[in-house]
Amino acid sequence: MTSNDSIKEQVRRQFSRQAQHYVTSPLHAKGDDLALLVSASEAGGDMEVLDVATGGGHVANALAPLVRRVVAFDLTGEILEAAAGFIRGNGHSNVEFVQGDAERLPFADGVFDRVACRIAAHHFPDVGAFVSESFRVVKPGGQLLLIDNTAPERDDFDSFYNEVEKQRDPSHVRAWKKSEWVRMLESAGFRVESMVRFPKTFRFRDWCTRAGLPEAEAARLAGKLANASPELRRFFAIRTDDAGDVTSFAGESAFFRAARPV
């Protein structure tokens with residue numbers, strides 16, 4: 001088993017255990033970023049859409065009433081089952097559920113009007129392969145609508161944030177800097193048409209629970225945050241209560257709308 005295969009097996013284990021949490025998570029189910037993705041998609045009734053790493057199915061669910069067909073695609077069978085229950089429960093019958101690897105999409109060239117991926121790419125071992133595959137399967141003139149957590153541009157802040165995420169969830173690979181995303185998208189052939197930053201507040205206990213983090217590991221992670229340097233505590237707005245327990249910290253995600261030239 002290669003290191004990439006090992007990471008993907010970690011992703012399967014993590015999301016199979018926590019599938020229902022990602023359906024009900026307010027951070028995933030709602031948000032200005034999801035509303036912007038839907039608006040920016042300029043969805044039309046004749047469109048075919050691919051939702052890569054659908055997770056709880058929130059993007060597929062939001063786009064289903066607006067387009068002809070959505071393919072909800074994910075590596076993990078259990079999370080596809082949870083997403084299917086959620087989406088079909090909302091009355092949408094035009095969503096197809098396909099299991100597979102975001103780095104090797106099992107679709108023909110140029111078949112989708114839109115490819116979406118929201119809050120997932122930090123789990124991909126080879127994110128460049130995902131970007132290239134997205135470019136391949138989207139039609140000329142089509143768009144990739146990408147949202148993911150992003151790391152700060154400053155290297156030491158980047159390292160701290162990714163260490164914290166990895167400690168919380170071993171299936172985390174890397175949150176990329178915004179500049180790195182622009183470079184990867186343009187290197188694959190996309191034209192980046194817009195980018196929007198979204199500040200995020202991570203509620204520490206909910207954030208750990210969603211990942212199924214054992215209490216002892218959550219305590220160690222809280223210690224890492226609480227004992228960070230004053231500079232890191234300011235930048236990430238690390239907050240504690242009167243007892244000194246970490247309650248929250250700040251991060252961000254970014255939305256990228258990238259078009260494949262005609």
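Work out the length of the dipole vector of the chain about its Cα centre, built from +1 on the beta-carbon of each Lys and Arg and -1 on the beta-carbon of each Asp and Glu, and round it to the nearest 20 debye. Display every interim value, and only then the final one.
Numbers: 33 positive and 37 negative charges, 50 e Å.
Dipole of the chain, to the nearest 20 debye: 240 debye.
Compute the helix-to-body angle for 215-226: its Cα long axis versus the longest principal axis of the chain, expressed 0 to 90° and rounded to tens.
Computed tilt is about 80 degrees.
Whole angstrom only: what separates the Cα centroid of the stretch 76-136 from the Cα centroid of the stretch 148-175?
Cα centroid to Cα centroid, the span is 23 Å.
Positive end of the dipole of the chain, charges at C-beta (+1 Lys, Arg; -1 Asp, Glu), about the Cα centre: which of GLY77, THR240, ALA226 has its Cα farthest in that direction?
Value: THR240.
Within the stretch 174-199, find all residues whose amide N lies under 20 Å from a label point positioned 7 Å from the Cα of ASP155 along Cα-to-beta-carbon.
Output list for this probe position: 174-184.
Amide H of ALA116: which non-local residues (sequence gap of 5 or more, or other chain) have their own amide H closer than 5 Å, using H built in the peptide plane?
Counting only residues 5 or more places away or on other chains, the set is LEU50, ASP51, VAL52, LEU145.
Can you tell which of ALA64, ALA40, ALA175 shows the greatest fluctuation in a Gaussian network model of the chain with Cα springs below 10 Å?
In the Gaussian network model the winner is ALA40.
Using DSSP, restrict attention to beta bridges with both residues in the chain and report what percent are antiparallel, rounded to the nearest 5. Walk me through the intermediate numbers first.
Working: 21 of 41 bridges.
Among the beta bridges of the chain, antiparallel pairing accounts for roughly 50 percent.
Per residue of the stretch 96-106, what does 6.51 cos²θ - 1.76 cosθ + 1.60 with θ = phi - 60° give for ³J(HN,Hα)? Whole Hz please, x for Gly and Pro, Karplus curve as stated.
Listing the rounded values in order: 9, 10, 10, 9, x, 9, 4, 8, 9, 5, x Hz.
Helix 127-137: angle to the longest alpha-carbon principal axis of the chain, degrees 0 to 90, nearest 10?
20 degrees
Dipole magnitude of the stretch 132-262 about its Cα centre, charges +1 at Lys/Arg Cβ and -1 at Asp/Glu Cβ only, in debye to the nearest 20?
Details: 22 positive and 20 negative charges, 107 e Å.
So the magnitude is around 520 debye.
State the answer as a single residue: which of THR209, PHE255, SER171 lies farthest towards the positive end of the charge dipole of the stretch 162-262, with beta carbon charges of +1 for Lys and Arg and -1 for Asp and Glu, about the Cα centre.
Farthest along the dipole direction, towards plus: PHE255.
Quick one: which residues, 5+ away or cross-chain, put their amide H under 5 Å from the amide H of SER253? H built at 1.01 Å from N.
Under 5 Å from the amide H of SER253 lie the amide H atoms of THR150, PHE198, LYS200, each far enough along the sequence or on another chain.
All of the numbers you see were taken from the coordinates with simple rules; none came from a lab. What you see is a predicted model, and the numbers here were worked out from it, not measured in a lab. Reconstructed Cβ throughout: ideal geometry from the backbone, glycine too, with neighbour counts over all protein chains shown.
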